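Below you'll find the structure, written out as structure tokens, and then a few comments.
Throughout, read-outs are computed from the coordinates displayed, never taken from laboratory work. Computed from a predicted structure; not experimentally measured. Cβ placement follows ideal geometry from the backbone for every residue including glycine, while neighbour counts extend to all protein chains displayed.
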Amino acid sequence: MNLFTLRRVLLPCLSLLIPGQLLSKPSILPPEVVVVLYNTEEGDSKRLALHYAKARSIPEDNLVGLPIPLGDEISREQFNQKIRTPLCGIFDDRNWWVREIGSTSQKQPITLKRRVLVTMRGVPFKIARTLDTIPEGQANKRPFTPNPKGNEASVDSELSLLGVEGYEIAGQIPNPYFKKDQSLLNLANPGILLVSRIDGPSLKTCMRMVDDAIAVEKSGLWGKAYLDLSKKGKGYEQGDQWLEEIALMNKTAG
């Protein structure tokens, strides 16, 4: 095990996450393409949304508050009734997208004026599995026995397909943004929203996440970087090479 310790290092954003040969200058997203979703049933959720929107200069019209049941998990029916359907209506009313009937005879976006959706603390993050896919006698047990027909999901992942109708709930869909080294605004497929979340154990923590991120973007992050090489041979060489390059980048930076 080799351990690199770099003292008093200035870490540019993402320098610890992306190897040198893959690192490209990030493209800044204009604030108007970002929609912020919060829960009107929880006061802290709106406070966080307002704080984030002000910090990132997101237009007030892009803030969406919905009355959503409190708690980490909601049912599929609640998700559709309380989040998906009203949010689709808002995208329609505010002309944030254009949808047409696609090859599956269902609506799907062909133009998205709002490409990013950020959910706030207070918006549930889990969708429960429907009873018809839960094995007999396990309704009150967790975790469930693995089932390819299981339709539990992340709220945020389902929201990425907000404008797409008729897709199969169970299973997975390839991420069209994976390994794309270009601006989100320039990607060919506009049908899938990029969904992110600001969440944590407290409102104070979440607000600090927002403020600290902006501070790092302006001045960098000072501290120590620890990089742990595996040196296990075949199958690990590329990862070790990335870490060595990151070490050199950080040493050069500070």
Exercise for review: Set the Förster distance to 22 Å, then compute FRET efficiency between residue 184 and residue 61 from the Cβ-Cβ distance, nearest 0.05.
Suggested key: 0.60
Revision key, fill the gap. Quick calc: nm separation of the 7 Å Cα→Cβ label points for residue 125 and residue 226 -> 2.4 nm
Review point. Can you list the aspartates and glutamates whose alpha carbon sits under 18 Å from that of residue 54, skipping same-chain ones fewer than 8 residues off?
Key: 32, 44, 199, 211, 212, 217
Review point. Looking at this model, which pairs from 180/234; 126/224; 46/113; 180/204; 113/149; 204/224 are more than 29 angstrom apart at the alpha-carbon?
Key: 126/224; 180/204; 113/149
Review point. For a paramagnetic label modelled at 7 Å from the Cα of residue 113 toward its Cβ, which residues of the range 51-66 fall within the zone defined by backbone nitrogen distances under 15 Å?
Key: 59-63
